[in-house]
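Trainee: Attaching a single structure in structure tokens format; questions to follow.
The values are calculated or read from the model by the stated rules, or taken from the named source; none is laboratory data. Here the structure is a predicted model, which is why all the values come from computation and not from measurement. Cβ placement follows ideal geometry from the backbone for every residue including glycine, while neighbour counts extend to all protein chains displayed.
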Amino acid sequence: MRIWINAIHRRRQYGKALCLCQILNTFRLIMLIGNPLSFAIECYHEPLNTRHVFGRMCLWVAGNRLGDITEPDCMLNPTAANLSRLLERLSTLNDPALLQLSDREAFDFLNQVLYLDDDRTNDEIQQDAERYCKFHFLTLGGESFERTKSFIVLVGEEVALLFTDNVDIFHSAHLPKSEFIDVVEQFYSWFKNEELSRFAKCGGTRIDKL
């Protein structure tokens, strides 16, 4: 009964974007924040004897999964910090070089200039890295995403998410910027709540900046 009360409490706490709370037979609470057919973050906390938040997570983008929800005991702090900083630079995620490209072409272009070898000079590689690294999404965003590659681009008032999944299949989707911000903010609120619970159990003071 306590688990279900907790699920109801969290549904109220995080609002209408929390579209699903499920209970595993191991009594872990799964959070699915958002609409998986559009954009959602699935996550749950696997408490360890540490002040950091460990667990599992993935993203759902137009019904396709980004990240490995089966990867256990991932530290969620780097991913939460990465997403929080992403919101701060969201308005900068455009570039003239991407304007006329399809989603697949934009992914291939960013992959080329950021990851692949070619005949560019070292100076050109450095310049491209400085110009285009802002389009990284979760490629280096945590253990759940180690076997994926993803970029994020702002197209008008829409966010374009471009990624290859765990088996290297390409996916892309566009969603309203407001929806993306709402889901990420609610995930970050959930994360900070879980972080506070760890600090309360392990002792120490709250850290607001990761």
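Trainee: Six or more apart or on different chains, Cβ under 6 Å: which pairs go from a residue in region 95-109 that's under 16 Å from Asp168 (Cα atoms) to one that's among the small types (Gly, Ala, Ser)? Could you list them?
Mentor: Close Cβ pairs (under 6 Å, with a partner that is among the small types (Gly, Ala, Ser)) amount to Asp103/Ser172.
Trainee: When Thr70 is evaluated against the numbered criteria (1) touching a residue at least 24 places away in the same chain (Cβ under 8 Å); (2) surrounded by fewer than 16 Cβ atoms within 10 Å (Cβ to Cβ), which criterion, by number, is the only one it fails?
Mentor: (1)
Trainee: Let me ask another. Select from region 96-124 the residues that are part of a helix (DSSP H, G or I) and of a type outside the set (A, V, I, L, M, F, W, C) and list them in ascending order.
Mentor: Pro96, Asp103, Arg104, Glu105, Asp108, Asn111, Gln112, Tyr115, Asn122, Asp123, Glu124 - these are the residues of region 96-124 that are part of a helix (DSSP H, G or I) and of a type outside the set (A, V, I, L, M, F, W, C).
Trainee: Another question, then. Looking for something modelled with pLDDT under 95, charged (D, E, K, R) and either crowded, with 18+ Cβ neighbours inside 10 Å or within 20 Å of Cys74 (Cα to Cα) (or both) - is there at least one such residue anywhere in region 166-174?
Mentor: No, there is no match, as no residue in region 166-174 is modelled with pLDDT under 95, charged (D, E, K, R) and either crowded, with 18+ Cβ neighbours inside 10 Å or within 20 Å of Cys74 (Cα to Cα) (or both).
Trainee: For Ala81, are the conditions met, namely being of a type in the set (Gly, Ala, Ser) and part of a strand (DSSP E or B)?
Mentor: Judged against the criteria, Ala81 is not a match.
Trainee: Is there any pair linking a residue in region 47-59 that is closer than 24 Å to Val183 by Cα and free of Cβ contacts under 8 Å to residues at least 24 places away in the same chain to one that is of a type in the set (Lys, Arg) and outside any strand (DSSP E or B), with Cβ under 7 Å and at least six apart or on different chains, and which?
Mentor: If the second residue must be of a type in the set (Lys, Arg) and outside any strand (DSSP E or B), no pairs are left.
Trainee: Turning to a different aspect of this structure: At least 2 residues that are among the charged types (D, E, K, R), in contact with a strand residue (DSSP E or B) (Cβ under 8 Å, 6 or more places away or on another chain) and touching a residue at least 24 places away in the same chain (Cβ under 8 Å) in each: list the strands (runs of 3 or more DSSP E) lying fully within region 137-195 that qualify.
Mentor: Filter on region 137-195 gives an empty set.
Trainee: Here's something else I'd like to know. In region 113-136, which residue that is touching a residue at least 24 places away in the same chain (Cβ under 8 Å) and surrounded by 18 or more Cβ atoms within 10 Å (Cβ to Cβ) is farthest from the chain's Cα centre (by Cα)?
Mentor: Tyr132
Trainee: With the structure loaded, tell me whether Leu59 is assigned to a strand (DSSP E or B), out of contact with any Cys (no Cβ under 8 Å at 6 or more places or on another chain) and closer than 15 Å to Phe137 by Cβ or whether it fails that test.
Mentor: yes
Trainee: What's the number of the condition Thr139 fails, among (1) touching a His at 6+ places or on another chain (Cβ under 8 Å); (2) at pLDDT below 95?
Mentor: Result: Thr139 fails condition (1) only.
Trainee: For region 84-93, enumerate the residues that are surrounded by 16 or more Cβ atoms within 10 Å (Cβ to Cβ) and part of a loop (DSSP other than H, G, I, E, B).
Mentor: Answer for region 84-93, where residues must be surrounded by 16 or more Cβ atoms within 10 Å (Cβ to Cβ) and part of a loop (DSSP other than H, G, I, E, B): just Leu93.
Trainee: Take the residues of region 23-53 that are over 14 Å from Gly63 (Cα atoms) and crowded, with 23+ Cβ neighbours inside 10 Å: which is modelled with the highest pLDDT?
Mentor: Filtering region 23-53 for residues that are over 14 Å from Gly63 (Cα atoms) and crowded, with 23+ Cβ neighbours inside 10 Å, the one modelled with the highest pLDDT comes out as Cys43.
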